[in-house]
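For reference, the structure is listed below as structure tokens.
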Amino acid sequence: MSRVRADEEEYWHSSKFRAFTFDDEDDELSQLKESKRAVNSLRDIVDDDDDDLERVSWSGEPVGSISWSIKETASGSTSSLDGRDSSLQKGSSSYAALPKQASSYSLSSLFKGRNKLSSFQSLSDALTDTGVKNYAPELRRPKAEYKDYSSDWSPKDTVRRMQRGKVCSLERFRSLQDKLVLLDEAVAGHDGNVITAVLIFLKRTLRREILFRELEVRQVALCHLIHFLRETGEQKFLLDLFRFLDRTEEVALSQYREHLNIQDVEKRREFLKSCIGLPFSAEDSSHIQDHFTLLERQIIIEANDRHLEMAGQSELFRKYPRKASILNMPLVTTLFYSCFYHYTEAEGMFSSPTNLKKTFKIPDKQFVLTALAARAKLRAWGDVDALLTTKNWLGYTKKKAPIGFHRVVEILQRNNAPVQVLQEYVRLVEDVETRLNLATKYKCHDVVIETYRDLKDRIQLTAYKCKVERGSAEEEKINSILSN
């Protein structure tokens with residue numbers, strides 16, 4: 001019992017607070033004085049710093065930025081109220097804990113932006129002090145830039161500013177006269193981008209009849225608009241423009257181009273059939289007719305060949321399977337396909353190369369070149385020989401190549417023709433120098449030896465002897481010519 005009582009007395013006589021004395025150096029007032037001296041010393045240090053250094057608040061953002069100003073201002077009012085409430089709740093002693101003073105300024109702004117005062121100011125003084133400097137930059141545009149949004153620009157000035165890439169509103173040009181003057185100024189500036197921009201504005205704000213009528217007498221602007229409509233694919237607007245200008249052929253051609261957007265082959269065939277009656281020129285009308293006829297042939301050939309390929313009835317299709325469909329292919333590709341798979345067919349068949357040649361009036365050069373490439377790819381050297389052999393009216397045969405025998409040799413060599421086949425056609429090259437170059441390049445030794453023999457060039461023949469194999473038939477042939 002006595003022990004408990006002793007503990008109670010020790011508790012009531014002990015305290016964590018010391019008595020107040022005037023000589024005590026650790027009281028709160030002395031701490032406040034020390035803080036004042038620290039603040040004054042820091043102000044001196046900061047004032048000596050370079051002004052160009054970036055000032056950063058406790059949030060880590062540059063002082064004076066927009067986000068810093070918003071955050072500091074918003075937190076000032078709330079933190080000050082919170083500080084007051086918390087100071088009232090923490091203790092009964094008025095000087096036990098100094099209230100936490102919140103401000104809309106960072107430490108750097110208090111240290112550097114305030115004049116050196118003789119005493120440390122309170123929170124209310126800091127907020128009401130007119131001597132505090134505001135270091136936030138003035139977020140104002142230069143006065144010259146406000147002219148970009150002015151409504152006083154003339155059409156000429158507007159075009160000049162558009163050429164320099166400035167933002168200019170065209171909506172203030174409301175009357176037809178102002179719009180036409182703006183268009184004329186754009187054309188006079190010779191800037192295609194500006195002309196197109198003005199035309200887009202006129203296209204959006206004027207009726208079609210008025211726009212077409214005014215563009216009819218302004219050919220430069222008209223050409224720009226036609227090109228723009230073609231690039232953007234505004235086909236209906238373009239057709240209306242051509243009809244207004246009475247350009248019937250261009251209307252027909254524009255309508256004909258629509259077939260490119262039709263994927264279904266039957267619908268495309270019907271569309272091409274409807275285009276035959278359009279007002280084309282004589283040359284264009286024949287092309288449209290050929291296009292329609294070619295597509296019809298391709299549909300028939302594709303159906304038959306697909307059936308043969310799936311049934312496996314043709315050895316050629318089994319050995320060389322088709323890589324792609326023939327539908328919508330050009331005429332030359334169709335001819336190559338026909339020479340590759342249907343070379344021996346009768347002329348009455350749609351897939352016959354001869355039928356294609358007569359129907360579409362393919363020139364001899366084009367036909368020989370295409371057929372030669374197709375038959376050489378199949379290594380059908382007999383067909384190549386028959387293709388280049390002609391008969392005269394007396395019944396004599398003769399080799400003839402509309403494309404030139406030097407091209408024949410190149411095509412055959414590209415398809416890995418044997419030397420015996422190449423030599424036959426190298427001999428038929430008329431130019432001696434070209435013949436020697438081809439014979440030397442493709443190692444046609446007999447042709448080289450015979451050419452030097454005909455030229456009676458003993459020196460070149462002796463030099464060429466070193467290029468052939470020792471003991472070969474070519475060396476014996478050279479020795480025989482040299483000893484004769």
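The values are calculated or read from the model by the stated rules, or taken from the named source; none is laboratory data. Not measured: the values here are computed from a predicted model. Note that each Cβ is placed from the backbone with ideal geometry, even for glycine, and that neighbours are counted across all protein chains shown. Heads up: the accessible areas ignore ligands, DNA and RNA and are worked out on the full protein's heavy atoms, side chains in. Shrake-Rupley method; radii C 1.70, N 1.55, O 1.52, S 1.80 Å.
Got a sec? Which helices (runs of 4 or more DSSP H) wholly within the stretch 404-456 have at least 2 residues that are in the same structural domain as A380 (by the TED database) and in contact with a Leu (Cβ under 8 Å, 6 or more places away or on another chain)? Per the criteria, 405-414, 419-426. Across the stretch 275-288, which residue is farthest from the chain's Cα centre (by Cα) among those that are surrounded by fewer than 13 Cβ atoms within 10 Å (Cβ to Cβ) and in a helix (DSSP H, G or I)? So the residue we want is A282. The set of residues in the stretch 203-212 being free of Cβ contacts under 8 Å to residues at least 12 places away in the same chain and more than 16 Å from V187 (Cα to Cα) consists of R204, R207.
To keep it simple, each residue is scored yes or no on (1) open to solvent by 50 Å² or more (accessible area, probe 1.4 Å); (2) closer than 30 Å to Q289 by Cβ; (3) touching a strand residue (DSSP E or B) at 6+ places or on another chain (Cβ under 8 Å); (4) modelled with pLDDT of 90 or more.
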{"site": "V187", "(1), (2), (3), (4)": "no, no, no, yes"}
{"site": "K203", "(1), (2), (3), (4)": "yes, no, no, yes"}
{"site": "E214", "(1), (2), (3), (4)": "no, no, no, yes"}
{"site": "Q219", "(1), (2), (3), (4)": "yes, no, no, yes"}
{"site": "L225", "(1), (2), (3), (4)": "no, no, no, yes"}
{"site": "E270", "(1), (2), (3), (4)": "yes, yes, no, yes"}
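Residue pairs whose Cβ atoms lie under 8 Å apart, separated by 6 or more positions or on different chains, with the first residue in the stretch 257-280 and assigned by the TED database to the domain that holds I299 and closer than 18 Å to P330 by Cα and the second of a type in the set (A, V, I, L, M) and open to solvent by 80 Å² or more (accessible area, probe 1.4 Å), do not occur. Inspect all residues belonging to the stretch 381-390 and state whether any of them is farther than 28 Å from I362 by Cβ and not in a helix (DSSP H, G or I). No, the conditions are met nowhere in the stretch 381-390.
Yes/no matrix, rows are residues, columns are (1) in contact with a Phe, Trp or Tyr (Cβ under 7 Å, 6 or more places away or on another chain); (2) touching a residue at least 12 places away in the same chain (Cβ under 8 Å); (3) surrounded by 16 or more Cβ atoms within 10 Å (Cβ to Cβ); (4) of a type in the set (D, E):
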{"position": "T397", "(1), (2), (3), (4)": "no, no, no, no"}
{"position": "A401", "(1), (2), (3), (4)": "no, yes, yes, no"}
{"position": "R435", "(1), (2), (3), (4)": "no, yes, yes, no"}
{"position": "K443", "(1), (2), (3), (4)": "no, yes, no, no"}
{"position": "L455", "(1), (2), (3), (4)": "no, yes, no, no"}
{"position": "I459", "(1), (2), (3), (4)": "no, no, no, no"}
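Just so you know, in the stretch 367-395 the residues that are open to solvent by less than 50 Å² (accessible area, probe 1.4 Å) and more than 50 Å from the chain's Cα centre (by Cα) include one that is farthest from P418 (Cα to Cα), and it is G395.
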